[in-house]
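This report refers to the structure that appears directly beneath it.
The values are calculated or read from the model by the stated rules, or taken from the named source; none is laboratory data. Not measured: the values here are computed from a predicted model. Cβ coordinates were reconstructed from backbone atoms using ideal geometry, including for glycine residues, and neighbour counts include every protein chain displayed.
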């Protein structure tokens, strides 16, 4: 596999459409994850991912190769008020969060998910927050395992149901 060094930065508005297509592609291919037909509003958020950057303290981060190819993306929230999940996460204080992490199928196995996650953790520390909040589902086992290896712990108090989909909360406390 040809491993490249990826750089993480804020996405440019000119990249929003491409990142939205990547998000829809990645999430629609997750085994056991609801389809666009089952959750059209969720997929609309994915397709229009750049719209989230209009919320205060919200960044769309992108991992880019030296040749400018997008390998993955994630949305980082330095104010949990705008996190946009169900459950109690939006009421968390002294916390950052990230959602909607996606790695392009052709770049998997190159550490891009971990790089994006580390970037979010560093941003939370820079903001002097005490924890990072995330959510995942059973369909996202690769991400789930990565988060556990990075020190995230299950937090059932953050769990919620999105229609008929169980969503599981995790915390990384500093």
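The numbered conditions (1) surrounded by 13 or more Cβ atoms within 10 Å (Cβ to Cβ); (2) assigned to a loop (DSSP other than H, G, I, E, B); (3) modelled with pLDDT of 95 or more are all true for residue 97 except (2).
Of all positions in the stretch 12-20, at least one carries a residue that is without any contact (Cβ under 8 Å) to a residue 40 or more places away in the chain, outside any strand (DSSP E or B) and under 22 Å from residue 162 (Cα atoms). From the list 8, 24, the lone residue that is within 26 Å of residue 90 (Cα to Cα), free of Cβ contacts under 8 Å to residues at least 24 places away in the same chain, surrounded by 13 or more Cβ atoms within 10 Å (Cβ to Cβ) and within 14 Å of the chain's Cα centre (by Cα) is 24. Within the stretch 31-51, the presence of a residue that is part of a strand (DSSP E or B) and touching a strand residue (DSSP E or B) at 6+ places or on another chain (Cβ under 8 Å) is excluded. Taken over the stretch 136-146, the residue count meeting the criterion of being surrounded by fewer than 18 Cβ atoms within 10 Å (Cβ to Cβ), modelled with pLDDT under 95, in a helix (DSSP H, G or I) and touching a helix residue (DSSP H, G or I) at 6+ places or on another chain (Cβ under 9 Å) is 1.
Residue-wise test of (1) part of a strand (DSSP E or B); (2) free of Cβ contacts under 8 Å to residues at least 40 places away in the same chain; (3) buried (at least 20 other Cβ atoms within 10 Å of the Cβ).
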{"position": "110", "(1), (2), (3)": "no, no, yes"}
{"position": "122", "(1), (2), (3)": "no, yes, no"}
{"position": "128", "(1), (2), (3)": "no, yes, no"}
{"position": "133", "(1), (2), (3)": "yes, no, yes"}
{"position": "148", "(1), (2), (3)": "no, yes, no"}
{"position": "168", "(1), (2), (3)": "yes, yes, no"}
